1. In cubic angstrom, how much convex hull volume per residue do the alpha carbon atoms of the chain span?
2. Where does each of 272-280, 323-331, 407-415 land if you order them by average Cβ count within 10 Å, highest first?
3. Against the longest principal axis of the chain, how steep is helix 120-130, in degrees 0 to 90 to the nearest 10, with axes from Cα atoms?
4. Can you tell me which lysines have their Cα less than 29 Å from the Cα of LYS73? Leave out same-chain residues fewer than eight positions away.
5. Let's see if you can work this out: charge +1 on each Lys and Arg Cβ, -1 on each Asp and Glu Cβ, no other charges. What is the dipole magnitude of the chain about its Cα centre, in debye to the nearest 20?
6. How would ARG383, ARG6, ARG163, ARG235 line up from fewest to most surrounding beta-carbon atoms within 10 angstrom?
7. So if R0 is 35 Å, what FRET efficiency would GLU101 and GLN156 give, r being the distance between their Cβ atoms, rounded to the nearest 0.05?
8. Spin-label point model (7 Å from Cα, Cβ direction): what's the ILE366 to ARG325 distance in nm?
Amino acid sequence: MTIDLRQQFDSAPELADLACSPHVNGLKGSSILAIAGEVNDLKSQGRQVHNLTIGDFDAQVFPVPGALVDGIKEQLDAGMTNYPPAVGVPELRQAVVDLYERELDLVYPVDSVIAGSGARPPIYGAFASIISEGDPVVYPVPSWNVNHYVYLNKAQGHPIVTRPEDGFMLTAAQIEPYVRTARMVVINSPQNPSGTVIEREQLTEICDLILDENKRRAGLGERPLMMLYDAVYWRLTYGAHAFVTPMNIRPEMANYTVMVDAISKWWCATGLRVGWCVAPPWVTARMKPLIGHMGAWPSKPDQIATGNLLADESKAADYLGHLKRQVRARLELLQHGIEDMERDGLPISCLDAQGAIYLSMKIDLIGRTGSDGLVLNDEEAVRSYLLHEGGIAVVPFAAFGYPEDSGWFRVSVGTTSMDDVHAVLGKLRSLLTPFKG
Ligand SMILES: Cc1ncc(COP(=O)(O)O)c(C=O)c1O
């Protein structure tokens, strides 16, 4: 006889709150999902929506390298279906070492590399292996999900509101008040959601602040101030905005930095789940059982194929160049279109496209009265106006922890074609024209 367990679950609603720990009950999912739900509702009603909300790629527009797909199939055919080593397969770890030597002029020992299923387990691993309950963690807002890792690890979060003139990046002056007590500073460059890249000078000042503080702590035998450097978009930078790491500026930062990376963004492989971090070997040694007990390693065929392709990227000749040209073309088309509107007196502006797949766009509509008497009182009303009247879906920076009603939105081009961008610009212009002047 079949046993229908659905009735069991229906009959015990009180367990929903009681079964799990209060800590886990308090964990929040992504706030972008609510917007995604709204977009899907509109689509199911047959409305055309330009979905600029997703930090992901449309595989039809931006596929993963073909050589990666072939490599994974080969590894599956070769029976690579058992457990990989908890730190990652040697092919991948060595390929990461060689990649950083080739592209970043940094030579790490292999023991510094530990693999994870995407960038998230190494991020979680960095928090879990460094942070004790109540430890202060300083991070910028807007930022992607740092608040959740802070919560998960019971850290004391110090979100710092960044400024557009600093590219929405933390500055040393903003970190300074926390430097005596903080255990970790989190930096992400190129940054989600702002699409900006930290400048060498900005990062130098932060590194010097951390190194000075750590000299002081070393004298007292205190635990050092660490940096989590989230570099998942590092190979997607445009124009003069070069990616730089703390270790290139101050090699001593290697002792205090966990740098996180993955193929998710620069090979458009968000679903394959191949990531890693590089860190001092004594940190990766402690992360090993953590990632191992969670089983949060990438699948073995994906790891080996990634390692093999990284070792010989000529098999994916010009993949990265093509991807960058495509993403940059979309971002710059948007940027220039927005700048044209701004010149024409429309209440819109943006930052330069610098990196990743995002553009920071400011729409200054709150409190303005349109020619037809329409008044949009807050950011949510502006977002809803763009979506419902123009079919343009974007995410307010408030969803990334930034103060409400700033007018700043993240525009993501990972699922858009150039035609889409043209259409979006046309629609934005007609939505904003009633509010001109
Ligand atoms: C800044 C940043 N870090 C990490 C991640 C997570 O990457 P992964 O999908 O490899 O876990 C994302 C994903 O959007 C991100 O934007």
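1. Details: hull volume 80.4 nm³, N = 437.
Per residue, the Cα convex hull of the chain comes to 184 Å³.
2. Details: 272-280: 26.4, 323-331: 19.3, 407-415: 24.3.
Those peptides, ordered most packed to least, come out 272-280, 407-415, 323-331.
3. 60 degrees
4. Candidates past the 8-residue exclusion: LYS265, LYS288, LYS300, LYS315, LYS324.
5. 460 debye
6. ARG6, ARG163, ARG235, ARG383
7. Numbers: r = 37 Å, r/R0 = 1.07.
The formula returns an efficiency of 0.40 here.
8. 4.2 nm
No lab work stands behind these numbers, since they all come straight from the coordinates. What you see is a predicted model; the values in this text were computed from it and never measured. Counting neighbours? That spans all protein chains shown, and the Cβs are built from the backbone with ideal geometry, glycine included.
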